[in-house]
1. Please identify the longest segment of the chain free of exposed trypsin sites (Lys or Arg not before Pro), where exposed means a DSSP state other than H, G, I, E or B and no more than 15 other Cβ atoms within 10 Å.
2. About the Cα centre of the stretch 74-125, what is the dipole size in debye to 20, counting +1 per Lys and Arg Cβ and -1 per Asp and Glu Cβ, all else neutral?
3. In terms of Cα to Cα distance under 19 Å, which lysines are near enough to LYS171, apart from those fewer than 8 places away along the same chain?
4. Calculate one ³J(HN,Hα) per residue across the stretch 340-345 by plugging θ = phi - 60° into the Karplus curve 6.51 cos²θ - 1.76 cosθ + 1.60, and present them in order as whole Hz with x for glycine and proline.
5. Please find the FRET efficiency linking ILE92 to ASN329, where r is the Cβ-Cβ separation and R0 is fixed at 35 Å, and quote it to the nearest 0.05.
6. DSSP loop (so not H, G, I, E, B), at most 14 other Cβ within 10 Å: list which GluC sites (Glu not before Pro) in the stretch 267-349 pass both filters.
7. Indicate the gyration tensor shape class of the stretch 222-311 (rounded, prolate or oblate), computed on the Cα atoms with a ≥ b ≥ c the square roots of the eigenvalues: a/c under 1.5 is rounded; otherwise a/b larger than b/c is prolate and the rest oblate.
8. Put a dot 7 Å past each Cα toward the Cβ at LYS46 and ARG256; how far apart are the dots in nm?
Amino acid sequence: MDTYLVTGGAGFIGSNFIHYMLKKYDDIKVINLDKLTYAGNLENLKSLNENSNYTFVEGDICDSNIVNDLFQKYDIDFVVNFAAESHVDRSILEPEVFIRTNVLGTVILLNAAKSAWSDGNNFKIGKKYIQISTDEVYGSLGKTGYFKENTPLCPHSPYSSSKASADLMVKAYYDTYKMPVNITRCSNNYGPYQFPEKLIPLIINNCLNKSELPVYGDGLNIRDWLYVEDHCKAIDMVINKGKLGQVYNIGGHNERTNIHIVKTIISYIHDKVDSLVTEDLIKYVQDRKGHDRRYGIDPSKIKTELGWYPETKFEDGIVKTIEWYLQNNDWMESVTSGNYQKYYKEMYS
Ligand code: NAD
Ligand code: DAU
């Protein structure tokens, strides 16, 4: 029975990944280590409370005692590190916590795994550390071209710089100690359980409340959207089939401008929910500082080597996503209670 230490599993992608894995495999154990920051929410996992293959541990990946204890207590086969401060706008306001969690936290996990898995020379067979990284480490594209795995790292924001730093530490553990690792770099995910600070759930939530829809700059920045379940499937393939030391880019060839995304959501909610939701709600606001213009992933390596392809077309994925938020209004209410309104005002006033 393989044991997975999943970190940041109470967040958006981590919780989707845990659901995906426990649905697919009944012979694995998942330990979810999460600090439960504002972005972590146990509601995302409540259907697993009775699942004996799932254990939740509240804790910080920067706390080496907690992390080492987990390696003592469990025979961990795979570490899948989702834990991170993940929001670019917050990183512009307060970079320090991004360095702490995203860089120091990664090194603490690497160290603990290395101590548990290596006798000083060789690593036990069958162990692997997977770092969940981002296409933002490559910087920004012009009108043409795609990010490939060998595109030079050129991050711009404090968030993407912290993720690139973490990637370099993972690479250093492979190059120096031959630690078994993979790095995945993926484009913008969307789907259930995404905290409404990110574009898609924020716009859905604001449409439902008939409040302004903030669009940064000219709205023509481009992101390459990937349905979260397709991402989870890719991570599973990298864990099981990825060649050691390799980086895999994961993207759906679903490039859309931000304004297209916003208008698509308005149109769906206008037609299906409330005819008072119209494009009049759009408010062009000050641009993000250092705003990357375009991201676009070339996923040919993971397609050719591992046979992965994204199954969800954007037009279907966005409908599934909006419907999920419509049907899970309680979830949205629970995550937007507390400090959310205060943060929202600070960010958008
Ligand atoms: P998220 O913000 O929704 O979740 C992050 C989780 O990490 C939360 O549950 C939070 O409580 C936890 N966490 C934060 N600091 C921690 C700490 N010090 N110790 C333990 N847990 C901690 O993030 P997400 O969108 O699910 O992203 C997950 C990972 O995927 C991140 O590493 C992110 O960089 C990467 N990524 C995200 C996207 C995307 O579109 N969301 C795309 C590419 C890569
Ligand atoms: O590309 C992968 C990255 O995607 C991940 O590494 C990050 O963790 C994740 O947050 C995401 O980063 P982005 O900055 O691309 O996502 P965000 O949802 O914040 O913004 C998407 C685009 O929409 C971006 O161009 C900024 C714009 N935007 C965002 C918000 C929140 C707006 O125009 N208005 C908004 O209110």
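Rule-based calculations on the coordinates, nothing more; no lab input. Remember, predicted model here, so these are calculated numbers, not experimental data. Because the Cβ atoms are built from the backbone with ideal geometry, glycine has one as well, and the counts that use them run over all protein chains shown.
1. On the way: sites that count: LYS124, LYS143, LYS148, LYS178, LYS210, LYS243, ARG288, LYS289, ARG293, LYS313.
With trypsin sites (Lys or Arg not before Pro) excluded where exposed in loops, the chain gives 1-123 as its longest stretch.
2. Numbers: 4 positive and 7 negative charges, 25 e Å.
My answer is approximately 120 debye.
3. LYS114, LYS124, LYS127, LYS128, LYS148, LYS163, LYS241, LYS243, LYS301
4. Once rounded to whole Hz, the list reads 4, 5, 4, 4, 4, 5.
5. On the way: r = 31 Å, r/R0 = 0.87.
Computed FRET efficiency for ILE92 and ASN329: 0.70.
6. Those satisfying the criteria are GLU311.
7. Numbers: a/c = 3.67, a/b = 1.99, b/c = 1.84.
Verdict is prolate for the stretch 222-311.
8. Result: 2.9 nm between the two label points.
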